[in-house]
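FYI, it's all coordinate maths here, none of it is from the lab. The structure displayed is predicted, hence computed values, not measured ones. Positions of Cβ are backbone-derived with ideal geometry, glycine not excepted, and every protein chain shown enters the neighbour counts.
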Amino acid sequence: MKRLQAALGSALLGVCLLAAGVTPADAAPAASPGELLDRLETAWRARDAAAYLELWSFPSAAAREEERDLVRERFTADESVLEVQRPLLQPDAPAPERLKTSAQVFTATEPRGRVEQWLLTLEHRGAGWLLTGREDVGLIDGLVHLSLDPQGYQADGLTFRFDDFTLEMHHGTLFTAPVSVGPTALLFVGDGVVHFRPWPQTEREQLRQFGGRPELVDRVKTAFVRIHPADLYRVLSPARLEPDPRGGQRLATAQRFYRDQSMRSFVLDSSLPRSPWWLLPSLGDSSVTFQTRRHGTLTFTVSTSEPESISLFDREKRRQICLYPQPGRDTQYSEDDSRSVDVLHHDLKVRFEPRSYVLEAEDTVRLRLLEPSATVRLRLDEGLHIHSITSPEAGRHLFFRVRYQDSVMVSLGALAGRVGEVVLTVRYGGALRPGPVEREVMQAAAEGGRPTAPPTIQDDVLIEEVLVYSNRSPWYPQGGPDDYALADLSLDVPQGYNAIAGGTRQSARTEGGRTRIAYRQDRPGKYITVVIGRLSEVGSRGQGPVPLQCFSVGRTRGEAAAYAEKATEILRFYEQEFGPYPYASLTVVIVEGQTPGGHSPPGMVILAQRPLLLRHALQDDPANFTDVPGFFLAHELAHQWWGQGVSGQNYHERWLSEGVAQYAAALWTRHREGEDTFRDVLDRMGRWALRMTNKGPIHLGYRLGHLKNDPQIFRAVVYDKGAYVLHMLRSIVGEEAFRRGLTSLQVAHRFAKAGTDDLRQSLEKASGKDLRPYFETWVRGTVLPRLRVASRTGPASAGYSTAVDVTVEDLPGPVPLQVALDLAEGKDLRQVTLPPEGGHWTFETGVPVRRVGVNDDRSLLAWLKR
């Protein structure tokens, strides 16, 4: 009895000592933080709760009991793995008395798993180091291993219902994930029908272009569905699941389709034990992949966290068929509305091996955390391997990659919950071959004049390869889309190569067979572009709006020198039209390509010239103005204001870049070449715009022509119709008000994003006119005015009288209209206002009128019939 009392007394004494912040006497304290963390990992691997608790100093007995319960629960899992990040300590400096470090705990009890992220506090107490705190800073819950339960259910008469989408299962079997996982994965095999009818009219037109009808109705044999388990009886009706005795006959088909589709969505790509793991969709989110009879395999998704949450796409052919918001949600949004991180600065060091397309890089990214969070999402091409992610305060950071999304989820660890600036260093590398210089321009014409795929290079015309690493794929760590940031670049290439970037060239030196070039981008840019090739400087201008350098490959050096002078002229003109040039310098790079091409990153313009020896002619194209002197260069230079100085707030606003740049080039043409050439340019733009306007509104952005794989539709509507809409608005508000409106927009949104409504409001403020009807009809709609003109001339008391009648359809508001009276001694030009209901005018002339011209000045984009 006395022994028992003594034992109990010792135990109580131990509890009291722990409550007082003291460890039991037989637990020798760790001599260093590293030793403490070694013991921690050893205890965890052994699942030794007592050894784990001995490493702690608790403030109370209750705290000890709480930690004991937690660790025992983790140790009962099938697998439990603890990874601790070692704090970064100076080798010769004494460790601080208190520090924090990050840890990750992975636990799995089949078929479920989860990842916890902890922040551990280590303190030097008395003779050694102890754990004194543990903070939960992140959790990835709902990891599951998916499979199909071989027990199928009768699907006859069941229907899945989502927004605008139904899957009616007439006959067949519905297989589900096992009960232990819940009905997050369901697979239908049998006979069914899919109905999909988008609520926006624009999306119905896209669906018509895809399948010939404004709705999708097709038979399906198989469909794979992912939902949150709690959504089952919200989306499935009637709410019944009865065993199907014939399910075994369809199991093999179900398993084949499951294997093919299950790895394509909601998969966490990481090095976690027992990978791959699947994520549970959030409540309200869903994915349905189904095989159709006529259109192959399609996928319908609902992602409630996205502004455009409903999507239909063809994954195999990489075609976005429909994309739009749920009913009741705002259709006007900015990509930045929900962002939690703002990238401020890149310190990017890259070693390029252009022959093998391999790069090795280190990017120290300074971020501003806009709200407390445990993780940060960065974008980086999946083909690039991440070696490590570190920070000065938290050491090595844990990270996960999300499959098929070019994204990286970084655990903030010790930085979790912070608001303000943090610095992450990402070391990565791999092979990445960038695409050619790209602006949606002309294709070479195949024999017979029909467009074809990009032509192969003739053997006798070698085009020297130049690599352009830009925004087509995230080749360096990025935040959200088009996140303006500053940058310092250190670029390392083999001797004989050059590396060109936007910004100011700080230095260039060659030694040891390598050339190292430094650039500084001291004004915000949406992205970083680096050009790698055998490029030489061929010209520079110290005078003018900004310092200018011009680089070229060997065969284009003769032409390249002239570009510097022409670029300086264009910059001066644009500063009068749009305000100051956004950047401190300009670099022009001239390369060769199979077709004319161009790209205009911040502070740089890249032009691809077509070698004269290429035999294929260029087909007629909405962007083909190569015969107009300076047009192509003027378009690309305009992007420094429109696309870089001000950026569209989402893909719908692409016309604020391409349409404005196209119109800017047309205005430069009028300034340099005169009215006749300007009207010829407008004529060509107008023909393409009228021909393609019914394919979709300007506001559809890059999706125009996407389904038909016809980029001419995009160029005709976004480039040419967009430019012509600006020309009509300029006529409505007047040249001075138009200039003030665009300049004001540049001032208000410099190095920021803007939308169509911002442009409208700026022009309204400058002119005092209500422009909403014009924008709704011309930018967000597809109709254009139709004019029918009738005229008659006869004698009058003062000579001759000419009556002109114009009847109108689809005119959103009054517009200026030029009436040209063709007289023997020349043209008599009259300016009238055409109201939406049409107009009648009588003109008195002293001599007969030979002909009446309406809209000869091309101020209105319209169909005209006499």
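The share of C-alpha pairs in region 648-771 whose separation exceeds 24 Å stands at 28 percent.
The calculated P(r) of region 512-588, using every Cα pair and 10 Å bins from 0, goes 15, 42, 35, 7, 1 in percent.
The slack between Thr425 and His840, meaning 0.36 nm per residue of separation minus the straight C-alpha distance, is 142.4 nm. Is the C-alpha gyration tensor of region 791-866 telling us rounded, prolate or oblate? Criteria: a/c under 1.5 is rounded; beyond that, a/b larger than b/c is prolate, otherwise oblate. Judged from the Cα gyration tensor, region 791-866 comes out prolate (a/c at least 1.5, a/b above b/c).
Rounded to the nearest 20 debye, the dipole magnitude of the chain is 1040 debye, with +1 charges on Lys and Arg beta carbons, -1 on Asp and Glu beta carbons, and the Cα centre as origin.
The label point for His387 and the one for Glu371, both projected 7 Å from the Cα toward the Cβ, are 3.6 nm apart. Cβ crowding within 10 Å, taken as a proxy for footprinting-reagent exposure, orders His699, His639, His749 from fewest neighbours to most as His749, His639, His699. Spin-label model, Asp191/Ser540: points 7 Å from Cα along the beta carbon direction are separated by 7.7 nm. Distances between placed amide hydrogens fall under 5 Å for Gly192 paired with His170, Val220, all partners being 5 or more residues away or on another chain.
In region 189-259, one over the average inverse separation of all distinct C-alpha pairs is 14.9 Å, which is the Kirkwood hydrodynamic radius. Extents of the chain, taken as max minus min of Cα coordinates on every principal axis and listed largest first, are 137, 74, 59 Å. Using the Cβ of Gly142 as centre and a radius below 14 Å, the other residues enclosed give a net charge of -1, where K and R count +1 and D and E count -1. Size descriptors for region 153-324, from the alpha-carbon set: Rg then Dmax equal 15.8, 48 Å.
Residues Val789, Val493, ranked from the fewest to the most other C-beta atoms within 10 Å, line up as Val789, Val493.
Electrostatic bookkeeping for His295 treats Lys and Arg as +1 and Asp and Glu as -1; over the other residues with beta carbon under 9 Å from its beta carbon, the sum is 0.
Taking a sphere under 13 Å around the Cβ of Thr166 and counting the other residues whose Cβ falls inside, with K and R at +1 and D and E at -1, yields a net charge of -3. Over the chain, DSSP H runs of length four or greater, each weighted -39,500 (n - 2.57), average out per residue to a 222 nm ellipticity of -7000 deg cm²/dmol. Would region 717-863 count as rounded, prolate or oblate if I go by the C-alpha gyration tensor, calling it rounded below 1.5 in a/c and otherwise prolate when a/b exceeds b/c, oblate otherwise? It comes out prolate by the Cα gyration axes. Here the contact order of region 689-806, divided by its residue count and restricted to Cα pairs under 8 Å and six or more residues apart, works out to 25 percent. Note on Arg572 and Arg866: their simple-model spin labels are 4.3 nm apart, each label 7 Å out from Cα toward Cβ.
Out of all DSSP beta bridges with both ends in region 786-865, state the antiparallel percent to the nearest 5.
90
The equivalent ellipsoid of region 275-386 has semi-axes of 32, 23, 15 Å, largest first, where each one is the square root of 5 times an eigenvalue of the Cα gyration tensor.
Computed extension length for Thr132-Glu465: 114.0 nm, one decimal, from 0.36 nm per residue of separation with the Cα-Cα distance subtracted.
Pairs exceeding 23 Å between alpha-carbon atoms, taken from Lys695/Lys721; Lys827/Lys865; Lys769/Lys827: Lys769/Lys827. Sort Arg509, Arg134 so the one with the fewest other Cβ atoms within 10 Å of its own Cβ comes first. If I rank by nearby Cβ atoms, fewest first, I get Arg509, Arg134.
Maximal additional length on extending the Asp260-Glu66 stretch stands at 65.4 nm, based on 0.36 nm per residue less the C-alpha distance. With respect to the chain, whose longest principal axis is taken over its alpha-carbon atoms, helix 557-578 is tilted by about 90°.
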